[in-house]
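Trainee: Before I ask anything, here is the structure I am working with.
The values are calculated or read from the model by the stated rules, or taken from the named source; none is laboratory data. Remember, it's a predicted structure, so these values are computed and weren't measured experimentally. Counting neighbours? That spans all protein chains shown, and the Cβs are built from the backbone with ideal geometry, glycine included.
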Amino acid sequence: MASNIVDAHGVTKNFGPVQAVKGVDLSIVPGELFGLIGHNGAGKSTLFKMMLGLIPASSGQIHLDGEAVGGPRFRDVRRRIGYLPENVVLYDNLTGLETLHFFADLKTVPRSSCTTLLDKVGLGHARARRVREYSKGMRQRLGFAQALLGQPRLLFLDEPTTGLDPEAIRDFYRILRELRDEGVTMVLTSHILAEIQERVDRLAIMEDGRIRACGSVQALREAMNLPLTLEIAGGAGLLEQVTRVLAGLAVERIDEAGSLIHIRLPREAKMPALARLATLGETLRDLQVHEPSLEDVFFGYRN
Amino acid sequence: MFSIDFRQIGIVAGKEFQDRIRNRWVLAVALVFTVFALVIAYFGSAQQGSVGFHSIDVTIASLVSLVIYLIPLIALILGFDAIVGERERGSLELLLTLPITRREVILGKYAGLAGALTFSTLAGFGAAGLILSPQIRLDALFHYAGFMVSALLLGLTFLSLALMLSVFASDRTRASGLAIATWFFFVLVFDMIILGALVLTAGEYGGAVFPYLLLLNPADVFRVLNIFSLDEVRTLYGLATVFPEALSHPATLGGVMLAWIVGPLAVAIWRFER
């Protein structure tokens with residue numbers, strides 16, 4: 001248990017007759033960037049809230065950084081946690097800098113770090129402006145700066161890129177990479193699966209209050225055994241040649257789209273198919289292998 | 001679950017107080033109190049055909065009648081959305097993920113709002129007292145200071161009630177409805193019920209309990225506290241004849257007011273921690 005920074009065992013949460021979380025077991029190791037995905041109502045937010053100590057679990061146990069959530073030393077753990085909620089609501093009357101000062105005081109973090117953090121999230125120019133004048137994206141950045149106060153060991157990020165423009169999303173993931181290099185553990189949820197599939201170390205797919213699958217994106221792809229796609233480009237008559245050389249292999253589908261040909265086939269047929277396509281020589285101009293996306297994996301598990 | 005960290009309470013209180021200073025709430029309420037106190041002091045006897053300051057006792061008696069309506073309303077408005085407002089907007093969730101307990105949040109909110117109310121009450125009535133001071137004796141000033149303290153206690157009791165309502169209410173609309181109902185009950189309805197019961201029973205039942213029933217209403221405690229401290233007006237209200245001597249002692253009545261502050265606040269903490 002001591003080696004995991006997040007440890008949940010048999011966690012359930014009942015809201016009256018409704019069981020929102022059903023016996024979840026989850027372990028996250030230090031330094032990991034962990035994704036939690038699932039459709040609305042799958043139980044992600046409830047699990048998040050229980051991990052943060054906002055609502056008590058109906059049964060089961062959660063430990064963060066070796067301490068029981070809600071236990072006698074949990075106040076100290078909270079100093080080492082950062083949280084960015086999905087809808088960042090801060091205090092309109094305060095300026096950006098005053099907002100950070102308020103949260104820094106509560107976390108017993110020196111106020112001197114606030115200016116640096118505002119610069120880090122690109123809000124240095126707006127530090128003296130009231131939060132009521134901030135756009136949604138600026139509030140999200142300020143919320144992120146708040147979560148980073150006190151150099152947390154563990155970050156919970158709930159839909160962190162909501163409201164951010166592409167440049168801000170790029171900056172956000174750059175900061176996340178820096179944090180991971182520093183050994184910070186991060187747990188994040190996102191609806192934008194394409195955005196996180198190349199960034200998380202591992203992820204869990206939640207559905208109906210349960211964790212349906214957990215592992216690296218590649219491990220989940222392989223476990224699902226979803227078909228992959230070969231995309232090839234070549235000269236005239238390529239479709240006939242490809243159909244001929246692949247005859248007898250368990251190919252699911254071959255489609256022509258303009259100058260490109262898409263071949264959908266099971267993972268185990270990939271290497272034999274590549275070997276046969278190589279016999280076409282210079283008829284092939286280009287070849288790319290497309291793994292199933294995280295979205296394909298997600299829907300694969302749901303179905 | 002955790003011990004109380006007074007530093008965390010101070011941080012939340014400081015923010016609440018600063019908010020009220022910044023949005024000019026404290027200044028506005030202090031101005032209202034000063035203007036009302038001066039108007040009552042100078043024009044309170046206009047019905048008798050004279051204008052100008054006459055007596056501090058009569059001024060305080062008139063102020064009591066005004067304050068008993070005004071301060072509970074101000075305190076309820078100040079505190080009704082302290083918790084439910086933050087919960088509805090979503091900022092409470094983030095606050096509670098920080099190293100601060102729910103108990104400290106409530107106490108911090110109460111301390112900050114109480115600070116704002118205290119500042120505006122003392123500044124508002126104090127300014128009026130300063131303007132009037134050349135015309136009144138030292139012992140009269142002492143009475144006036146007593147009135148200010150009791151007015152403050154009245155405000156703090158209703159602020160405590162407001163915070164309790166804010167914890168129980170599921171949304172701001174309900175909280176505002178509960179605050180208005182609370183004001184109506186304690187300021188208007190409660191006395192009518194007691195008087196009605198006395199009249200219906202022709203004073204045969206409940207006469208002995210009557211003074212004790214008044215302690216169940218902080219507005220009545222405030223009224224009794226002030227009337228018993230003013231020689232010119234205590235006989236005017238006829239309360240001296242029905243109120244037991246021991247019960248009318250300022251320390252006893254002050255203690256009851258303190259209980260009215262602590263009680264609802266304790267209930268609010270209990271509920272918020274569940």
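Trainee: For residues that are in contact (Cβ under 8 Å) with a residue 40 or more places away in the chain and farther than 21 Å from residue A:79 by Cβ, scanning just segment A:139-159, find the one that is surrounded by the most Cβ atoms within 10 Å (Cβ to Cβ). Quick ask: steps written out before the conclusion?
Mentor: Of the residues in segment A:139-159, the ones in contact (Cβ under 8 Å) with a residue 40 or more places away in the chain are A:139-140, A:142-150, A:152-159.
Retained after the next criterion (residues that are farther than 21 Å from residue A:79 by Cβ): A:139-140, A:159.
Numbers: A:139: 21, A:140: 25, A:159: 18.
It comes out as A:140.
Trainee: Let me ask something else about it. Would you mention how many residues in segment A:176-219 are hydroxyl-bearing (Ser, Thr, Tyr) and either assigned to a loop (DSSP other than H, G, I, E, B) or surrounded by fewer than 17 Cβ atoms within 10 Å (Cβ to Cβ) (or both)? Talk me through it step by step, then tell me what you get.
Mentor: Step one: list which residues in segment A:176-219 are hydroxyl-bearing (Ser, Thr, Tyr), which gives A:185, A:189-190, A:216.
Cutting the leftovers down to either assigned to a loop (DSSP other than H, G, I, E, B) or surrounded by fewer than 17 Cβ atoms within 10 Å (Cβ to Cβ) (or both) gives us A:190, A:216.
Residues that pass the stated criteria total 2.
The rows are residues; the columns are (1) acidic (Asp, Glu); (2) modelled with pLDDT under 85.
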site: A:202; (1), (2): no, no
site: A:207; (1), (2): yes, no
site: A:213; (1), (2): no, no
site: A:230; (1), (2): no, no
site: A:235; (1), (2): no, yes
site: A:239; (1), (2): no, no
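Trainee: From the list A:163, A:209, A:215, A:183, pick out the single residue that is of a type outside the set (A, V, I, L, M), in contact with a Gly (Cβ under 6 Å, 6 or more places away or on another chain) and under 25 Å from residue A:11 (Cβ atoms). Break it down stepwise before answering.
Mentor: Values: A:163 fails: under 25 Å from residue A:11 (Cβ atoms); A:215 fails: in contact with a Gly (Cβ under 6 Å, 6 or more places away or on another chain); A:183 fails: under 25 Å from residue A:11 (Cβ atoms).
Checking each option against the conditions leaves just A:209.
Trainee: Which of (1) within 14 Å of chain B (Cβ to nearest Cβ); (2) in contact with an Asp or Glu (Cβ under 8 Å, 6 or more places away or on another chain) is the odd one out, the single condition residue A:34 does not satisfy?
Mentor: (1)
Trainee: Within segment B:37-91, track down each residue that is buried (at least 21 other Cβ atoms within 10 Å of the Cβ) and of a type in the set (S, T, N, Q).
Mentor: Within segment B:37-91, B:59 is the sole residue that qualifies.
Trainee: Within segment A:86-102, restricting attention to residues that are facing chain B (nearest Cβ under 7 Å) and not β-branched (Val, Ile, Thr), which residue is farthest from residue A:45 (Cα to Cα)? Walk me through it before giving the result.
Mentor: Here is the first cut: in segment A:86-102, the residues facing chain B (nearest Cβ under 7 Å) are A:87, A:89-91, A:93, A:102.
Going one step further and asking which of them are not β-branched (Val, Ile, Thr), we end up with A:87, A:90-91, A:93, A:102.
Working: A:87: 12, A:90: 19, A:91: 23, A:93: 28, A:102: 26 Å.
Going through the qualifying residues, I end up with A:93.
Trainee: Hey, does segment B:133-145 have a residue that's closer than 30 Å to residue B:162 by Cβ and either of a type outside the set (A, V, I, L, M) or buried (at least 18 other Cβ atoms within 10 Å of the Cβ) (or both)?
Mentor: Here is the first cut: in segment B:133-145, the residues closer than 30 Å to residue B:162 by Cβ are B:143-145.
When the remaining residues are screened for being either of a type outside the set (A, V, I, L, M) or buried (at least 18 other Cβ atoms within 10 Å of the Cβ) (or both), the result is B:143-144.
Yes.
Trainee: Could you figure out which of (1) touching an Asp or Glu at 6+ places or on another chain (Cβ under 6 Å); (2) at pLDDT below 85 isn't true of residue A:283?
Mentor: (1)
Trainee: Pick from segment A:244-291 the residues that are part of a loop (DSSP other than H, G, I, E, B) and touching a strand residue (DSSP E or B) at 6+ places or on another chain (Cβ under 6 Å): which of them is surrounded by the most Cβ atoms within 10 Å (Cβ to Cβ)? Can you show your working first?
Mentor: First, the residues of segment A:244-291 that are part of a loop (DSSP other than H, G, I, E, B): A:246-252, A:258-259, A:266, A:279-280, A:291.
Retained after the next criterion (residues that are touching a strand residue (DSSP E or B) at 6+ places or on another chain (Cβ under 6 Å)): A:251-252, A:259, A:291.
Details: A:251: 18, A:252: 11, A:259: 13, A:291: 16.
Here the residue is A:251.
Trainee: If we only count helices (runs of 4 or more DSSP H) wholly inside segment A:66-134, which ones have 2 or more residues that are without any contact (Cβ under 8 Å) to a residue 12 or more places away in the chain and crowded, with 18+ Cβ neighbours inside 10 Å? Working first, answer last.
Mentor: Values: elements: A:74-79, A:96-106, A:112-120.
Correct list: A:96-106.
Residue-by-condition table, conditions (1) more than 14 Å from every other protein chain (Cβ to nearest Cβ); (2) in contact (Cβ under 8 Å) with a residue 24 or more places away in the chain; (3) surrounded by 17 or more Cβ atoms within 10 Å (Cβ to Cβ); (4) over 13 Å from the mean Cα position of the chain (by Cα):
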| site | (1), (2), (3), (4) |
| --- | --- |
| B:131 | yes, yes, no, yes |
| B:176 | yes, yes, yes, yes |
| B:194 | yes, no, yes, yes |
| B:204 | yes, no, no, yes |
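Trainee: (1) of a type in the set (A, V, I, L, M); (2) without any contact (Cβ under 8 Å) to a residue 40 or more places away in the chain; (3) more than 14 Å from chain B (Cβ to nearest Cβ): which one isn't true of residue A:54, the others all being true?
Mentor: Unmet for residue A:54, out of (1) of a type in the set (A, V, I, L, M); (2) without any contact (Cβ under 8 Å) to a residue 40 or more places away in the chain; (3) more than 14 Å from chain B (Cβ to nearest Cβ): (3).
Trainee: Output the residue which, of all residues in segment A:1-42 that are modelled with pLDDT of 90 or more, in a loop (DSSP other than H, G, I, E, B) and in contact with a strand residue (DSSP E or B) (Cβ under 8 Å, 6 or more places away or on another chain), is surrounded by the most Cβ atoms within 10 Å (Cβ to Cβ).
Mentor: A:5
Trainee: Here are the criteria: (1) within 11 Å of another protein chain (Cβ to nearest Cβ); (2) not in a helix (DSSP H, G or I). Tell me which single one residue A:162 does not satisfy.
Mentor: Result: residue A:162 passes all but (1).
Trainee: Among residues belonging to segment B:4-27 that are without any contact (Cβ under 8 Å) to a residue 60 or more places away in the chain and more than 9 Å from chain A (Cβ to nearest Cβ), point out the one that is nearest to the chain's Cα centre (by Cα).
Mentor: The extreme case among them is B:24.
Trainee: Ok, one more. Being among the small types (Gly, Ala, Ser) and within 12 Å of residue B:148 (Cβ to Cβ) is the filter here; which residues of segment B:116-135 pass it?
Mentor: Hits for segment B:116-135 are B:120, B:123, B:124, B:126, B:127, B:128, B:129.
Trainee: Looking at (1) at the interface with another protein chain (Cβ under 9 Å from one of its Cβ atoms); (2) under 23 Å from residue B:5 (Cα atoms); (3) of a type outside the set (A, V, I, L, M, F, W, C), find the lone condition where residue A:111 falls short.
Mentor: (1)
Trainee: Right, something else. Going by the structure shown, is residue A:222 assigned to a helix (DSSP H, G or I) and without any contact (Cβ under 8 Å) to a residue 12 or more places away in the chain? Can you show your working first?
Mentor: Values: assigned to a helix (DSSP H, G or I): yes; without any contact (Cβ under 8 Å) to a residue 12 or more places away in the chain: no.
No: the conditions fail for residue A:222.
Trainee: Does any residue of segment B:225-233 turn out to be at pLDDT 90 or above and within 30 Å of residue B:34 (Cβ to Cβ)?
Mentor: Of segment B:225-233, the ones at pLDDT 90 or above are none.
Looking for residues that are at pLDDT 90 or above and within 30 Å of residue B:34 (Cβ to Cβ), one finds none in segment B:225-233, hence no.
Trainee: Can you tell me which condition residue A:83 does not meet? The list is (1) within 8 Å of chain B (Cβ to nearest Cβ); (2) among the aromatic types (Phe, Trp, Tyr); (3) farther than 30 Å from residue A:14 by Cβ, and all the others hold.
Mentor: Condition not satisfied by residue A:83: (3).
Trainee: Restricting the search to segment B:141-188, which residues are outside any helix (DSSP H, G or I) and among the charged types (D, E, K, R)?
Mentor: Taking segment B:141-188 and keeping what is outside any helix (DSSP H, G or I), we get B:169-171.
The answer is B:171, and nothing else.
Trainee: Select from segment B:33-92 the residues that are of a type in the set (Asp, Glu) and at pLDDT 90 or above and list them in ascending order.
Mentor: Applying the first criterion (of a type in the set (Asp, Glu)) to segment B:33-92 yields B:57, B:81, B:86, B:88.
Within segment B:33-92, B:81, B:86, B:88 meet the criteria.
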